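Here the structure is laid out as structure tokens; the discussion comes afterwards.
What follows draws every value from the coordinates through simple rules; no lab data is involved. In this text, all values refer to a predicted model and were calculated from it rather than measured experimentally. Cβ placement follows ideal geometry from the backbone for every residue including glycine, while neighbour counts extend to all protein chains displayed.
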Amino acid sequence: MNKKLTNKLSKIAAIQMASGPQLEANLMASANLIKQAADKGAQMVALPENFALMPMQETENRDIAEQFGQGHIQDFISACAEDNQVWVVAGSIPLKTDSDKVTSSSIMFDSNGKIVARYDKIHLFDVSFDCGKDCNEQSSKNNNMETYHESAIFSPGSEVVVVDTPFGKIGMSICYDLRFPILFRKMVNAGAEIFMIPSAFTAVTGKEHWEPLLRARAIENQCYVIAPAQGGYHVNGRNTYGHSMVIDYWGRVHETLEKGAGSIMIDVDLKAQQATRKNFPVLQHRKF
């Protein structure tokens, strides 16, 4: 059988969390959720952005930052992958650079706990918006304006990452990247069949943009979308939207988890996906 039309592994779970400012508590929560997903049959498990720490101050990301390939967080997730015999995508981990800034990096582990890929978040979330009814205490003090300045702490990545796995070719991204369709088209050009989008969308932007953007990336690229998210109120005052989703290449939402911790799963069918791409060849009709 044509290897392009079949995948050896197919069941991918998206985990939702409501991480707090205590690293060890978050790691234990992620370990429990990984095990629960594996017990349900998941063969790959994806964690959300900031799964290991939702800091009180963004500078705390520097405090827990690790060298790539070594460190407590990476060792912990590696052990979870090996113990449960599942692939794990660690949504985002702060990694050290040669400067005082860190990268927001998504790391993929195989079922033996070996690192097989790293993606550094390219688009950094430097925005302000009116949070309306969803304001936290801090934003209320600032005339209902919620402000984020990731570039003060994080250094942006620059490389498009597509990983050849037993599940299919997976394109890696993180949260704010979702708003930049050219990145996803570049991943498709590199062969991507599945998009991984670990996120911590705000409650305000999530209500209006989360599902439309996720489904658009799936539809326009005829790709599966795995979108694990942070979902709930956090000790630092943030309110994240949740609504983790798994979406197929036709833009159909297979499962959603609105709030709280848990997991959802999709069974990836590359043969059906390739048949759709052949019969509805939108990717071949591109002019630009």
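Taking the range 222-248, which residues are crowded, with 24+ Cβ neighbours inside 10 Å and outside any strand (DSSP E or B)?
Taking the range 222-248 as the starting set, the residues that turn out to be crowded, with 24+ Cβ neighbours inside 10 Å are 223-231, 240-242, 244-247.
Correct list: Cys223, Pro228, Gly242.
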Practice problem: Return yes or no: is Lys278 over 25 Å from Lys35 (Cβ atoms), in a loop (DSSP other than H, G, I, E, B) and free of Cβ contacts under 8 Å to residues at least 24 places away in the same chain? | Solution: no
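Look at Lys169 and say whether it is over 17 Å from the mean Cα position of the chain (by Cα) and among the charged types (D, E, K, R).
Values: over 17 Å from the mean Cα position of the chain (by Cα): no; among the charged types (D, E, K, R): yes.
Against the criterion (over 17 Å from the mean Cα position of the chain (by Cα) and among the charged types (D, E, K, R)), Lys169 does not qualify.
Specify the residue that is farthest from Ala90 (Cα to Cα); the eligible residues are those in the range 194-216 that are in a strand (DSSP E or B) and hydrophobic (A, V, I, L, M, F, W, C). Break it down into steps so the answer makes sense when it comes.
Just the residues of the range 194-216 that are in a strand (DSSP E or B), to begin with: 194-196, 199, 202.
When the remaining residues are screened for being hydrophobic (A, V, I, L, M, F, W, C), the result is 194-196.
Details: Ile194: 16, Phe195: 14, Met196: 11 Å.
Among those that are in a strand (DSSP E or B) and hydrophobic (A, V, I, L, M, F, W, C), it is Ile194.
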Quiz item: Just wondering, is there one or more residues in the range 107-130 that are surrounded by fewer than 17 Cβ atoms within 10 Å (Cβ to Cβ) and either acidic (Asp, Glu) or assigned to a helix (DSSP H, G or I) (or both)?
Solution: yes
Quiz item: Just checking, which of Arg252, Arg179, Arg238 is farther than 23 Å from Ile93 by Cβ and of a type in the set (Lys, Arg)?
Solution: Arg252
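Keeping to the range 192-240, report how many residues are among the β-branched types (Val, Ile, Thr) and touching a Cys at 6+ places or on another chain (Cβ under 9 Å).
First, the residues of the range 192-240 that are among the β-branched types (Val, Ile, Thr): 194, 197, 202, 204-205, 219, 225-226, 235, 240.
Pick out the ones that are also touching a Cys at 6+ places or on another chain (Cβ under 9 Å) and you get 194, 197, 202, 204.
Residues meeting the conditions: 4.
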Quiz prompt | Pair list, Cβ < 8 Å and 6+ apart or interchain, from the range 44-59 residues that are on the phi > 0 side of the Ramachandran plot to residues that are buried (at least 23 other Cβ atoms within 10 Å of the Cβ) and part of a strand (DSSP E or B) | solution = Asn50/Gly91; Asn50/Ser92; Asn50/Gln230
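In the list Ala190, Ala216, Ala200, which residue meets the criterion of being out of contact with any Phe, Trp or Tyr (no Cβ under 7 Å at 6 or more places or on another chain) and surrounded by 24 or more Cβ atoms within 10 Å (Cβ to Cβ)?
Working: Ala190 fails: surrounded by 24 or more Cβ atoms within 10 Å (Cβ to Cβ); Ala216 fails: surrounded by 24 or more Cβ atoms within 10 Å (Cβ to Cβ).
The match here is Ala200.
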Quiz item: Mind checking which pairs have a first residue in the range 204-216 that is closer than 20 Å to Asp130 by Cα and in contact (Cβ under 8 Å) with a residue 60 or more places away in the chain and a second that is of a type in the set (S, T, N, Q) and part of a helix (DSSP H, G or I), Cβ under 8 Å, 6 or more apart or different chains?
Solution: none
Quiz item: Would it be correct to say that Ile219 is part of a strand (DSSP E or B), out of contact with any helix residue (DSSP H, G or I) (no Cβ under 6 Å at 6 or more places or on another chain) and not basic (Lys, Arg)?
Solution: no
Quiz item: Residues of the range 220-247 being over 16 Å from Pro198 (Cα atoms) and not hydrophobic (A, V, I, L, M, F, W, C), which ones?
Solution: Glu220, Asn221, Gln222, Tyr233, His234, Asn236, Gly237, Arg238, Asn239
